[in-house]
Amino acid sequence: MSMLARTLIVFCAFLALAGTAGAQAPLHVVASFSILGDMLKNVGGDRVRVTTLVGPDGDAHAYEPTPATAKAVRGADLVVVSGLGFEGWLDRLITASGYKGTVVVASAAVKPRKMREKPGHGKDAHDDHEAIDPHAWQNLANGRLYVDTIAGALGAVDPAGASYYGERAAAYARRLADLDTWAKAELSAIPAGKRRMITSHDAFGYLGDAYGIEILSPVGIGTGSEPSAAGVKKLIKQIKAEKIAAVFVENISNPRMIEQIAKESGVGVGGELYSDALSGADGPAASYIEMFKHNVSQIVATMKQGLY
Ligand SMILES: [Zn+2]
């Protein structure tokens, strides 16, 4: 057999294999919440089918899995969670589902942010303790670490798609890097001393660390606790004394408390930020990239108003 013929046979065998792989049913991947679900779709493309447990505008802190959730998890090829304590319901769900596959922690490569967890964040309270902040996706550099981890995990379960995932992850990571450059430029236009904001629950610490924003929140890291009356009063006093104009509501939290704080401190509410969930498809934050763009634009526009 000539060299050319042999090469052709090998080439045809390769095409046949590639064809088979393409015709395979997509991997069924379960993502714990909407932001991860979007990352998985970006990296996984046509080779994955994503089920997202906590959907748009959902609160993953307060999520209660159902028997239908357990069924979806049982049949999954891969489960991906954010980790750092965000999905407090996860272990129970995995046990109840009987799922025996891999649970990938997308934040595995992230340097966790520690913070003092207590209502009001006053420095004189006795009940403060250090807690890990789970909202790591609010820094785009961490988002890129998530994407790497996701690509590696998909490639491990589906080795035939490893290079496909790798290429898609690299292209997506470049878009995140460009967005990060834009966000840094936007925020650096605000004087450092004016980069301060109030949100209801403490979901933007990683954003604050990455872009030099001081963030105050009356509730704390989770969404389950009510702020103390004293904590709220103290925050209102601080908003007035320090002339903090950037006060935001969040898509996953009840806006009532923030609206009350804004009213009593005489500042306007700077719009809605997306913290722990994307918007629906028609909303302004239907993807991780759109969410980030929306949040930074809202923050910058509101802080700029406070400058004049
Ligand atoms: Zn949260």
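The values are calculated or read from the model by the stated rules, or taken from the named source; none is laboratory data. Source: prediction; values computed, not measured. All Cβ positions, glycine included, derive from the backbone under ideal geometry; neighbour counts span all protein chains shown.
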Exercise for the section: Please go through segment 250-271 and pick out each residue that is within 16 Å of the ligand (Cβ to nearest atom) and surrounded by 19 or more Cβ atoms within 10 Å (Cβ to Cβ). Expected result: E250, N251, I252, S253, I258
Practice task
Please go through segment 196-227 and pick out each residue that is assigned to a loop (DSSP other than H, G, I, E, B) and either assigned by TED's automatic domain parsing to the domain that holds V110 or polar (S, T, N, Q) (or both).
Solution key: S200, S217, T223, S225
Problem - Within segment 255-308, tally of residues that are of a type in the set (S, T, N, Q) and more than 23 Å from K194 (Cα to Cα) - result: 2
Handout entry: Residue among S225, S279, S217, S287 that is touching a residue at least 40 places away in the same chain (Cβ under 8 Å) and in contact with a strand residue (DSSP E or B) (Cβ under 7 Å, 6 or more places away or on another chain)
Key = S217
Problem - So Q238, is it away from the ligand (no atom under 16 Å from the Cβ), assigned by TED's automatic domain parsing to the domain that holds A192, at pLDDT 90 or above and not hydrophobic (A, V, I, L, M, F, W, C) - result: no
Fill in the blank from the handout: Within segment 54-80, the residues that are of a type outside the set (D, E, K, R), within 14 Å of the ligand (Cβ to nearest atom), touching a residue at least 40 places away in the same chain (Cβ under 8 Å) and not in a helix (DSSP H, G or I) are V54, G58
